[in-house]
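Report on the structure given below.
No value in this document is a laboratory result; all are computed from the given coordinates. Not measured: the values here are computed from a predicted model. So basically every Cβ, Gly included, is an ideal-geometry build from the backbone, and we count neighbours across all protein chains shown.
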Amino acid sequence: MKYTNTICLVMAIFSVAFFSRCGSSADPSLSLQQKASKIMDEGSPWGGTGNVEVLASPTGVDPTELENLQVSFKTSGDEDWAPTFFEASGADDFLSSNNAIWFWTGSGTDNITLNEASVAELTSVDVTDLTVTFTFEVSASTSGGRIAGFDGTYTVRLK
């Protein structure tokens, strides 16, 4: 009986140690922003032909204009996964960049600020291992009228 209890205890400890590691590929020492940044960097580029789903767009705007959107989120890499460069292509009337820089707005992972891009902010950001979903606002007044007719709010999911 004594050996049975010992064997059960050892098996229980082994099981807890084994199953606590299952499904946990992210480094537990990373912050929520670092984990999201790492996924966004390692999954880049996101989107491109066949990998874009337009979830919302303004009335009267043809959402197929976004079907080739491709976005890359670059970071400083291992150690801190700090946001660095942002690149967007395939839908220049919506999101274009030339050496744009991205960073998290606030302490969460739901808002990104972009510098040197045609859109200043990505909101409602949701990052999973397989998708990045975000909302952005297009305004002709902030783009010098270059994208008149596309004004409004868009939500896209990139695979």
Subject >> Stretchable slack from SER107 to LYS74, in nm (0.36 nm times residue separation minus alpha-carbon distance) >> reply: 10.0 nm
Original post:
Efficiency by 1/(1 + (r/R0)^6): what FRET value for THR123 and ASP62, r their Cβ-Cβ distance, R0 = 22 Å, to the nearest 0.05?
Top reply: 0.45
Original post:
So how do 151-158, 72-79, 110-117 stack up, highest first, on mean other-Cβ count within 10 Å?
Top reply: 151-158, 110-117, 72-79
Original post:
Any idea how far apart ASN115 and THR153 come out in nm if each label point goes 7 Å out from Cα toward Cβ?
Top reply: 2.8 nm
Subject >> region 26-158, dipole about Cα centre (Lys/Arg Cβ +1, Asp/Glu Cβ -1), debye to the nearest 20 >> reply: 100 debye
**OP:** For LYS74, list the aspartates and glutamates whose Cα falls under 14 Å from its own Cα; do not include residues on the same chain fewer than 8 positions away.
**Re:** ASP41, GLU42, GLU87
**OP:** Can you spot the aspartates and glutamates whose alpha carbon is less than 15 Å from LYS35's alpha carbon? Ignore those fewer than 8 places along the same chain.
**Re:** ASP27, ASP78, GLU79, ASP80, ASP110, ASP126, ASP129
